[in-house]
Amino acid sequence: MIPARENPFSTNRVLRERYRLAENEWGPLLEKLNYHCGRGALVGHKGSGKTTLLEDLMVRLARPGRRMTLIRLSAESPRMPAVFTPGFFAKLDANDAVLLDGAEQLSLFAWFRFRRATRHAGIVIVTTHRANRLPLLHRCTTTPHLLQELVSSLGVELTPDEAGSLHQRHRGNIREAIRELYDRFAEKIDPELSRRSSLV
């Protein structure tokens with residue numbers, strides 16, 4: 001029996017995979033950010049890789065003297081974490097880069113408050129489902145081929161038909177597609193555990 005940690009779709013393995021942005025696409029993305037005075041949005045539906053791209057962009061933007069702040073919001077935790085007080089935002093200046101993952105969780109009023117609170121920051125980048133809050137930097141999309149490539153990098157081969165079916169079933173949500181594949185392998189690893197879970 002294979003230990004669950006050896007599931008090719010275990011979280012620790014999947015998190016090592018990065019957003020598939022070609023090296024020659026980074027230049028135009030950063031140029032857009034500069035053109036829009038350090039403001040921009042990474043846009044896409046759920047599971048399209050926005051968070052991963054934001055994390056990769058954070059690494060690209062880091063430099064000596066620049067303070068990087070990453071704020072994560074989600075449907076489960078839609079409120080701004082308590083650490084981000086008015087006092088925190090009041091100290092922002094041109095050396096600060098504020099990255100907000102999950103801007104769609106903010107109400108219109110909360111969004112305007114955030115925009116005002118971060119107006120002195122040198123860089124403000126958000127991820128969101130729609131391109132209506134900051135200038136578009138990059139639109140994250142997925143394809144069956146991308147899913148097939150990602151799964152292959154995790155050591156499992158999918159046929160084009162399998163990748164297409166999986167991609168369609170989850171409406172392009174790569175995260176959910178990977179979750180289904182994890183469950184498939186978990187069932188192979190421990191069918192009795194999987195059977196009990198399905199009865200809960």
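Every number here is computed from the coordinates shown, using simple stated rules; none is lab data. Model, not experiment: these values are computed from the prediction. Cβ coordinates were reconstructed from backbone atoms using ideal geometry, including for glycine residues, and neighbour counts include every protein chain displayed.
At 222 nm, what helix-only mean residue ellipticity would the chain give, in deg cm²/dmol to the nearest 500, using -39500 (n - 2.57) for each DSSP H run of four or more?
Counting only the DSSP helices, I get -13000 deg cm²/dmol.
Compared with the dominant principal axis of the Cα atoms in the chain, helix 144-153 is inclined by about 80°. Counting other Cβ atoms within 10 Å as a rough exposure proxy, the listed residues VAL83, VAL151 run VAL83, VAL151 from fewest neighbours to most. Angle of helix 160-169 to the longest C-alpha principal axis of the chain, folded into 0 to 90 degrees and rounded to 10: 60°.
Can you sort CYS37, CYS140 so the residue with the fewest Cβ neighbours within 10 Å comes first?
Values: CYS37 11, CYS140 21.
Listing CYS37, CYS140 from fewest to most nearby Cβ atoms yields CYS37, CYS140.
When Rg and Dmax of the Cα atoms in Å is calculated for this entry, the matching label among (i) 20.0, 62; (ii) 16.0, 52; (iii) 19.3, 57 is (iii). Taking label positions 7 Å along the Cα-Cβ direction at both ASN12 and ASP56, the computed distance is 2.4 nm, reported to one decimal.
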